[in-house]
Amino acid sequence: AQGGILARHKMEDRPVPLTGAVVIRPMMYVALSYDHRIVDGREAVQFLVKVKEYVEDPGHLLLES
């Protein structure tokens, strides 16, 4: 059985504010679809937050091991 599907969409450059300036940064979009009968929304959001943290700082994976 499948509880959820994590999909990664294309990456594209987007303007982002950074310390008072606008800079161009690559942005990746991800989507999570899940069965609400199996997975609670709170846990799904916590999972996406962790994915975001690991993508933004891969070294974090080594520190948590």
*Counting only protein heavy atoms and using a 1.4 Å probe, what share of the accessible area of the chain belongs to carbon plus sulfur, as a whole percent?*
61 percent
*Among Phe47, Ala21, Leu61 the positive-end extreme of the charge dipole of the chain (Cβ point charges)*: Ala21
_Accessible area, probe 1.4 Å, largest first, for residues His36, His9_ = His36, His9
_Full-stretch length increase - Arg25, Asp57 - with 0.36 nm per residue and alpha-carbon distance subtracted_ = 10.0 nm
_Using only alpha-carbon positions, what ratio does the radius of gyration of the chain give when scaled by 2.2 N^0.38 Å?_
1.39
*asked:* Can you compute the helix-only [θ] at 222 nm over the chain? Use -39500 (n - 2.57) per DSSP H run of at least 4 residues, normalise by all residues, nearest 500 deg cm²/dmol.
replied: -10000 deg cm²/dmol
*Give me the distance in nm between label points sitting 7 Å out from Cα along the Cα-to-Cβ direction at Lys50 and His36, one decimal.*
2.3 nm
*Compute the accessible area per residue over the chain, keeping the other protein chains in place, probe 1.4 Å, unit Å².*
85 Å²
*Taking the highest mean first, how do the peptides 41-48, 18-25 order by number of other beta carbon atoms within 10 angstrom per residue?*
41-48, 18-25
*Quick one: helix 41-56 against the long Cα principal axis of the chain, what's the angle to the nearest 10°, folded into 0 to 90?*
40 degrees
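The values are calculated or read from the model by the stated rules, or taken from the named source; none is laboratory data. As the structure is a computational prediction, the values presented were derived from the model and not from experiment. Every residue, glycine among them, receives a Cβ derived from its backbone with ideal geometry; neighbour counts consider all protein chains shown. We work out accessible area using only protein heavy atoms, side chains counted, and drop any ligands, DNA or RNA first. Shrake-Rupley method; radii C 1.70, N 1.55, O 1.52, S 1.80 Å.
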